[in-house]
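Coordinate-derived values only; no laboratory data. It should be emphasised that the depicted structure is a prediction, and the values quoted were computed from it without experimental measurement. Here Cβ is always computed from backbone atoms with ideal geometry, including for glycine, and neighbour counts include all displayed protein chains.
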Amino acid sequence: MPYDGANPQWQDLYHFPAEPEDRAWYSKNPRWQQQWFNEIRELVDNYHPDLLYSDGRRPLPATRSA
């Protein structure tokens with residue numbers, strides 16, 4: 001089944017398409033990263049989830065508090 005996020009018809013629901021050479025799991029495009037951050041931030045700020053799952057590795061290095 002094709003991924004709906006790759007269909008330009010659904011860009012407003014998912015995100016704008018990545019450049020053809022950008023094949024990383026998470027885009028290296030700063031605009032895409034900002035959009036992803038904004039969406040996750042809205043989710044956390046408005047809904048306060050107990051668990052946030054992403055189907056992939058964390059895009060940023062993990063930090064530890066002392």
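For the range 1-48, the set of trypsin sites (Lys or Arg not before Pro) satisfying both a DSSP loop assignment and a count of at most 16 other C-beta atoms within 10 Å is given as R23, K28.
Positive contributions from Lys and Arg (+1) and negative ones from Asp and Glu (-1), summed over other residues with Cβ under 15 Å from the Cβ of F16, come out at -3.
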